[in-house]
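Here's the structure, in structure tokens; my notes come after.
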Amino acid sequence: MYPIEQNAFIIKALALDIGQLIMALTSKEMANFDPALRLAYDRYVDNIMRGVTPIEAALRSGVTPQHVLDWIRGAETDAYVIALFSERISALNVRDLWSDKLAVLNLRRMASDMSAKGSDRLAAMKELNVLMGITEVDDAGRTVKRRGLADFYAESDAGPKPEGERPLH
């Protein structure tokens, strides 16, 4: 049995060896002949191109959480990954990155995120209402209820409209 101090030293030494092993496994020579690493790199770049953070992209590529930063550091400096990024960016059509449907999906996700601040959730809801045509922004920058034909007909039958439209907020 080793004393506690020696055990701690051995554990630290093993951790360093694991980090060095990760860096060795992410070298460009490995990507050229290791299909598993090439697949992980391809998944990593695909996720990055979809707008995912590097940490999330690495986790989705199968990297364990305790080694994710070392793996990213190795991947981001790997010649295969750099070339793949360059190739994907050259072929990128920026219109594919964002659409009205993606905007609605992301705003809905933000509005429903219970871990987000209330003000952030409310701002997402307001933006979503404008995007969906439920409300609109007037000349003064206030969000007001969008008027439809039913409102027009109701006003024409009821006589003159009261002074000014009241903002929703």
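The values are calculated or read from the model by the stated rules, or taken from the named source; none is laboratory data. This structure is a prediction, so every number in the text was calculated from the model and none was measured. Every residue, glycine as well, gets a Cβ built from its backbone with ideal geometry; the counts of neighbours run over all protein chains shown.
Odds and ends about this structure:
- Considering only residues in the range 49-76 that are within 19 Å of residue 39 (Cβ to Cβ) and polar (S, T, N, Q), the one that is surrounded by the most Cβ atoms within 10 Å (Cβ to Cβ) turns out to be 61.
- Residue check, residue 115 outside the structural domain of residue 58 (by TED's automatic domain parsing), in a loop (DSSP other than H, G, I, E, B), over 30 Å from residue 34 (Cβ atoms) and at pLDDT 85 or above: yes
- Applying the criterion of being closer than 19 Å to residue 39 by Cβ and of a type in the set (Asp, Glu) to the residues of the range 77-105, the residue that is farthest from the chain's Cα centre (by Cα) is 78.
- Per the conditions (1) exposed (fewer than 11 other Cβ atoms within 10 Å of the Cβ); (2) modelled with pLDDT of 90 or more, the sole criterion not satisfied by residue 14 is (2).
- Checked against the criterion of being surrounded by 17 or more Cβ atoms within 10 Å (Cβ to Cβ) and touching a Gly at 6+ places or on another chain (Cβ under 9 Å), the range 92-99 has no qualifying residue.
- Against the conditions (1) at pLDDT 90 or above; (2) hydroxyl-bearing (Ser, Thr, Tyr); (3) outside the structural domain of residue 41 (by TED's automatic domain parsing), residue 143 satisfies every one except (1).
- Residue 124 being in contact with a helix residue (DSSP H, G or I) (Cβ under 8 Å, 6 or more places away or on another chain) and at pLDDT 90 or above: yes
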